[in-house]
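A short worksheet on the structure shown next.
The values are calculated or read from the model by the stated rules, or taken from the named source; none is laboratory data. As the structure is a prediction and not an experimental result, all values here were calculated from the model. Every residue, glycine among them, receives a Cβ derived from its backbone with ideal geometry; neighbour counts consider all protein chains shown. Areas reflect the complete protein model, heavy atoms only, side chains present, ligands, DNA and RNA absent. Shrake-Rupley method; radii C 1.70, N 1.55, O 1.52, S 1.80 Å.
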Amino acid sequence: MKKVGISLSGGGVKALIYAGVLQALEDNGIEVDVVGGLSGGAIVGALYASGYSGKQILEIAMNTNFFTLIRPTSVIAGEIINHDLLEHALKQYIKATTFDSLNKKMVIFCSDIESKEQVVIKSGDLISAIIGSCAVPPVIKPIYRDGHKLVDGGFSTAYGGNHLRKAGAKYVIGISVEKWIDVSAMPGIMKDFVDALGVAWQTVSINEQKMNPVDFKIIGFDDNTNMLDFNADKEGLYKKGYEKTIEFIDVIKAGVNKRNSILDFIFQ
């Protein structure tokens, strides 16, 4: 079996779909070796890479306020979420403090708002990388790290499959909830920013798939949940991720087990 990489895109509360995807893969004997994540996918990915199953990630979301730090009212009102609050909440559940202390290899994608470039983080402090990947000004301020002013990874990355391959993956699965946020109730500055993020993600996704395509995409979850609706049916989102993955599980298994050359036998 080839080493499997999985890339989890953004999605706010809809990132719980990714928890269902991960559990479906696990239940069918497909072990994920490398995890990639951006924005909400960075949170779910870090939980998974630190040892939680997809089902346990759902339980965290159901039984705690972990995913309610960024409330819809905060976004609409333009409130600023404190980095210390985010760090405290993340550290309650993600016990690993560095990438090296995770159970699985992980790559987190951010964007440098000044240089307009992709920033790939795979070593050092874990929590600051997650916050940087989730930062959507003015609600979550950019975070400074290693000379970069980091914001949401969706500005510069769709899946980052080439970076998962550099980390050792031989078969990369890209997951995206696709549908964007309903911005109609947001104030002008927030609406424009989030609209721009949506356009950027779509453009990046098209270009990235031409240059560095993933081996298989799971999309089309047929869900109209607003990404910022933290009263959403969390179990329902998880179920949609699980069931959609089961639809494609035989195709994924065939891809993971396919040998393209003698090198696949040597470097599994």
| Taking into account only those residues within region 93-110 that are closer than 20 Å to R165 by Cα and not aliphatic (A, V, I, L, M), which is farthest from the chain's Cα centre (by Cα)? | D100
| Which residue pairs have Cβ atoms closer than 6 Å, lie 6 or more positions apart in sequence or on different chains, and pair a first residue in region 1-13 that is among the basic types (K, R) with a second residue that is open to solvent by 10 Å² or more (accessible area, probe 1.4 Å)? | K2/K170; K2/Y171; K3/D33; K3/G168; K3/K170
| remark: Subset of region 17-51, residues open to solvent by 10 Å² or more (accessible area, probe 1.4 Å) and assigned to a strand (DSSP E or B), comes to D33
| request: Inspect region 135-143 for any residue being among the small types (G, A, S), within 30 Å of K91 (Cα to Cα), buried (at least 18 other Cβ atoms within 10 Å of the Cβ) and modelled with pLDDT of 85 or more and give the result as yes or no. | output: yes
| First in region 24-45 and without any contact (Cβ under 8 Å) to a residue 40 or more places away in the chain, second anywhere and assigned to a loop (DSSP other than H, G, I, E, B) and crowded, with 24+ Cβ neighbours inside 10 Å, Cβ under 9 Å, 6 or more apart | V44/G11
| query | Looking at K105, K122, K91, which is the one that is open to solvent by 50 Å² or more (accessible area, probe 1.4 Å), in contact with a His (Cβ under 9 Å, 6 or more places away or on another chain) and under 23 Å from I57 (Cβ atoms)? | reply | K122
